[in-house]
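Could you have a look at this structure, given as structure tokens, before my questions?
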Amino acid sequence: MAKIIVVTSGKGGVGKTTTSAAIGTGLALAGNKTVIIDFDVGLRNLDLIMGCERRVVYDFVNVINNEANLNQTLIKDKRVENLFIMPASQTRDKDALTMEGVEKVLEELSETFDFIICDSPAGIEKGAHMALYFADEAVVVTNPEVSSVRDSDRILGILQSKSKRAEQGGEPVKEHLLLTRYNPARVEEGEMLSVSDVEDILAIPLLGVIPESEAVLKASNQGEPVIHNQDTDAGKAYSDAVKRLLGEEVAFRFLDAPKKGILKRLMGA
Amino acid sequence: MNDACFQLKGSLITTFILEISNYNLLDFEQQLSKKVQSAPDFFNTSPVIINLEKLDLDTNQINYQELISICRRHGLQPVAFKQTPQLNEDQIKENGLALLNQKACGKSEPVNKAKEKPAPDIKKTQIITKPVRSGQQVYAEGCDLIITGSVSGGAEVLADGNIHIYGTLRGRALAGVKGDLDARIFCSTNEAELVSIGGHFLLSDSLENQVWKQAAQFYLLDETLHVSPL
């Protein structure tokens, strides 16, 4: 039985797809059979981030409409064993998804996979609702700024009231906070919310803090999830987050601004 | 077809029950006379049911006719006897009175009445143990509201009574929404967007320089909303 994890945020552009790609890859690297589903029908991005855009033949909507089966649709990752991508349709919109269709696909995937990562679209409408409805766990991606925090708060409220687990009165969806684009220097300057500010407002356990990094943009453009680049802080931070997701206890890194070298301090820079 | 001569209708009539606990006709008449004189209009021609339950009918020879006459002399109208085991039913019928069984008389013991008193009408306070998230709304209708966590920005909590927030209030809190001006709002940390009691409100603009980020209570005084530290 697979564990279904939704990567969501409410707000757009905070790093949901980057996170889905990184966490999905990290879980597969740890030996788990993992599939990442792109729920952003009409704004297909996951295939670009994963670098498999030229291999998309069928998509999620085709499977739901019984126009293709799972084996035809799933794209096998070239770098990592056990990792698959289910692309969204670029020509359709969110209305092409149905609750029954999504449930059927997730059930079928559950039989053979260990983890199903649902990459949610932004917003709180149908697409986002479908992505989170069947989730066992949720990774709430948040940037350290007030509007992103408020939108995350909103999506947490929806997880607690409109998910399948909430509606059926089961154990609540397990929530994780993932702070991305974190810049400790700017936090010290008081320009950015700190980890504890965000934790205080959202009141859910912290899964990881991904430092702001040029490597993330570069990785996206190259279609290679940043977690593959273990020379970068962002790559390391994602690896830590995956370990925590798998139950390991890992100390948090990259929370403080790098100390200025003695030469820079003497120069007064 | 002939027109019906009569119709039977059910009705409930208030009567007295005359409970005799000591059979002594002289004393009885004296005491009854006194009672009736205290409110002659009230007792005038009132129907009365006589209850001899408390008398030992084996040792007391009851003069039914005399008992009934005494009542009539003082303006009461005996209509029936309450049925008890050793009652002389023939004599009662001879005097033209009815016999009422236990059920018809209902229960009259004051002790039982106290037991049947309904539970006091207190509506339970609504308690929310999860954080109230942005976009969520909680309304405690007809009662107080307790929130053990925080109220996020963009969330709204309302109550007809008081509101207690044991976390941080960042959203809106409206107490006494049906007009209770004595309602109050309490919070462990005040970072409220809006606070209102009985329709009198304050926005964060004017709250930011009073008890901000501290434990606070809000209350109305002379139709003005006041904030004070807790």
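The values are calculated or read from the model by the stated rules, or taken from the named source; none is laboratory data. In this text, all values refer to a predicted model and were calculated from it rather than measured experimentally. Note: ideal-geometry Cβ built from the backbone for every residue, glycine included; neighbour counts use all protein chains shown. To get the accessible areas, we keep the full protein, side chains included, count just its heavy atoms, and leave off ligands, DNA and RNA. Shrake-Rupley method; radii C 1.70, N 1.55, O 1.52, S 1.80 Å.
Return the only residue of A:GLY10, A:GLY24 being modelled with pLDDT under 95, within 15 Å of the chain's Cα centre (by Cα) and not aromatic (Phe, Trp, Tyr).
A:GLY10
Residues to consider are B:GLY153, B:GLY135, B:GLY142, B:GLY96; find the one that is part of a loop (DSSP other than H, G, I, E, B), modelled with pLDDT of 80 or more and within 37 Å of the chain's Cα centre (by Cα).
Working: B:GLY153 fails: within 37 Å of the chain's Cα centre (by Cα); B:GLY135 fails: within 37 Å of the chain's Cα centre (by Cα); B:GLY96 fails: within 37 Å of the chain's Cα centre (by Cα).
Only one candidate passes the filter, namely B:GLY142.
Looking only at residues that are within 21 Å of A:GLN160 (Cα to Cα) and open to solvent by less than 20 Å² (accessible area, probe 1.4 Å) in the range A:97-107, which one is farthest from the other protein chains (Cβ to nearest Cβ)?
A:LEU106
Right, something else. What number of residues in the range A:207-255 are among the acidic types (Asp, Glu), over 22 Å from A:GLY31 (Cα atoms) and touching a residue at least 12 places away in the same chain (Cβ under 8 Å)?
Restricting attention to the range A:207-255, the residues satisfying the condition of being among the acidic types (Asp, Glu) are A:212, A:214, A:224, A:231, A:233, A:240, A:248-249.
Filter once more, so that each one left must be over 22 Å from A:GLY31 (Cα atoms): A:212, A:214, A:233.
Applying the additional criterion that residues be touching a residue at least 12 places away in the same chain (Cβ under 8 Å) yields A:212, A:233.
Qualifying residue count for the region: 2.
With respect to the numbered conditions (1) away from chain A (no Cβ under 14 Å); (2) part of a strand (DSSP E or B); (3) open to solvent by 10 Å² or more (accessible area, probe 1.4 Å), which one is the sole condition not fulfilled by B:CYS187?
(3)
Tell me whether the range A:134-147 contains one or more residues that are within 12 Å of another protein chain (Cβ to nearest Cβ), over 16 Å from the mean Cα position of the chain (by Cα) and open to solvent by 10 Å² or more (accessible area, probe 1.4 Å).
Initially, the range A:134-147 is screened for residues within 12 Å of another protein chain (Cβ to nearest Cβ), giving A:140, A:146-147.
From the residues that got through so far, the ones that are over 16 Å from the mean Cα position of the chain (by Cα) too are A:146-147.
Going one step further and asking which of them are open to solvent by 10 Å² or more (accessible area, probe 1.4 Å), we end up with A:146-147.
Yes, the range A:134-147 contains at least one residue that is within 12 Å of another protein chain (Cβ to nearest Cβ), over 16 Å from the mean Cα position of the chain (by Cα) and open to solvent by 10 Å² or more (accessible area, probe 1.4 Å).
Is it the case that the range B:14-28 has a residue that's closer than 20 Å to B:ASN101 by Cβ and open to solvent by 100 Å² or more (accessible area, probe 1.4 Å)?
Within the range B:14-28, the subset closer than 20 Å to B:ASN101 by Cβ is B:14-20.
The next check asks that each one be open to solvent by 100 Å² or more (accessible area, probe 1.4 Å); those that pass are B:14.
Yes, that holds for at least one residue.
Return the residues of the range A:117-129 that are in a loop (DSSP other than H, G, I, E, B) and either modelled with pLDDT under 95 or within 14 Å of another protein chain (Cβ to nearest Cβ) (or both); say none if nothing qualifies. First the steps, then the outcome.
Start the filter on the range A:117-129 by keeping residues that are in a loop (DSSP other than H, G, I, E, B), which leaves A:120-125.
Of everything in the range A:117-129, those that are in a loop (DSSP other than H, G, I, E, B) and either modelled with pLDDT under 95 or within 14 Å of another protein chain (Cβ to nearest Cβ) (or both) turn out to be A:GLY123, A:ILE124, A:GLU125.
Considering only the range A:115-122, I want to know if a residue exists there that is over 14 Å from A:ILE4 (Cβ atoms), free of Cβ contacts under 8 Å to residues at least 24 places away in the same chain and buried (at least 18 other Cβ atoms within 10 Å of the Cβ).
Of the range A:115-122, the ones over 14 Å from A:ILE4 (Cβ atoms) are A:121-122.
Pick out the ones that are also free of Cβ contacts under 8 Å to residues at least 24 places away in the same chain and you get none.
Looking through the range A:115-122, none of the residues is over 14 Å from A:ILE4 (Cβ atoms), free of Cβ contacts under 8 Å to residues at least 24 places away in the same chain and buried (at least 18 other Cβ atoms within 10 Å of the Cβ).
Hey, another quick one. Within the set of pairs 6 or more residues apart or between chains, which connect a residue that is away from every other protein chain (no Cβ under 14 Å) inside the range B:139-160 to a residue that is open to solvent by 40 Å² or more (accessible area, probe 1.4 Å) and among the charged types (D, E, K, R) with Cβ atoms less than 7 Å apart?
The qualifying pairs are B:GLY142/B:LYS123; B:CYS143/B:LYS123; B:CYS143/B:LYS124; B:ALA159/B:ASP144; B:ASP160/B:GLU141; B:ASP160/B:LYS178; B:ASP160/B:ASP180.
State yes or no: is A:GLY31 open to solvent by 10 Å² or more (accessible area, probe 1.4 Å) and farther than 20 Å from A:ASP114 by Cα? Give the derivation first.
Working: open to solvent by 10 Å² or more (accessible area, probe 1.4 Å): yes; farther than 20 Å from A:ASP114 by Cα: no.
Here the answer is no, as A:GLY31 does not meet what is asked.
Residues being over 18 Å from B:SER150 (Cβ atoms), open to solvent by less than 60 Å² (accessible area, probe 1.4 Å) and of a type outside the set (Phe, Trp, Tyr): count how many of those fall in the range B:216-230.
If we filter the range B:216-230 for residues that are over 18 Å from B:SER150 (Cβ atoms), which is where we start, we get B:219-229.
If we keep only those that are open to solvent by less than 60 Å² (accessible area, probe 1.4 Å) too, we end up with B:219-220, B:225, B:227-228.
If we keep only those that are of a type outside the set (Phe, Trp, Tyr) too, we end up with B:220, B:225, B:227-228.
Total satisfying the criteria: 4.
Between B:LYS213, B:LYS130, which is charged (D, E, K, R), within 14 Å of chain A (Cβ to nearest Cβ), surrounded by 15 or more Cβ atoms within 10 Å (Cβ to Cβ) and in a loop (DSSP other than H, G, I, E, B)? Let's see the steps before the verdict.
Numbers: B:LYS213 fails: surrounded by 15 or more Cβ atoms within 10 Å (Cβ to Cβ).
Among B:LYS213, B:LYS130, only B:LYS130 is charged (D, E, K, R), within 14 Å of chain A (Cβ to nearest Cβ), surrounded by 15 or more Cβ atoms within 10 Å (Cβ to Cβ) and in a loop (DSSP other than H, G, I, E, B).
Which of the helices (runs of 4 or more DSSP H) found entirely inside the range A:189-254 contain at least 1 residues meeting this: open to solvent by 60 Å² or more (accessible area, probe 1.4 Å) and touching a strand residue (DSSP E or B) at 6+ places or on another chain (Cβ under 8 Å)? So that I can check it myself, show each step before the final result.
Numbers: elements: A:195-202, A:214-222, A:233-245.
In the range A:189-254, A:195-202, A:233-245 are the helices (runs of 4 or more DSSP H) which contain 1 or more residues that are open to solvent by 60 Å² or more (accessible area, probe 1.4 Å) and touching a strand residue (DSSP E or B) at 6+ places or on another chain (Cβ under 8 Å).
Only one residue in A:ALA257, A:ALA251, A:ALA203 is over 16 Å from the mean Cα position of the chain (by Cα), within 14 Å of chain B (Cβ to nearest Cβ) and among the aliphatic types (A, V, I, L, M). Which one?
A:ALA203
Can you tell me which of A:SER152, A:SER110, A:SER161 is open to solvent by 40 Å² or more (accessible area, probe 1.4 Å) and either within 14 Å of chain B (Cβ to nearest Cβ) or over 16 Å from the mean Cα position of the chain (by Cα) (or both)?
Working: A:SER152 fails: open to solvent by 40 Å² or more (accessible area, probe 1.4 Å); A:SER110 fails: open to solvent by 40 Å² or more (accessible area, probe 1.4 Å).
Checking each option against the conditions leaves just A:SER161.
Answer yes or no as to whether B:LEU57 is surrounded by 10 or more Cβ atoms within 10 Å (Cβ to Cβ), modelled with pLDDT of 75 or more, in a loop (DSSP other than H, G, I, E, B) and not basic (Lys, Arg). First the steps, then the outcome.
On the way: surrounded by 10 or more Cβ atoms within 10 Å (Cβ to Cβ): yes; modelled with pLDDT of 75 or more: yes; in a loop (DSSP other than H, G, I, E, B): yes; not basic (Lys, Arg): yes.
Here the answer is yes, as B:LEU57 does meet what is asked.
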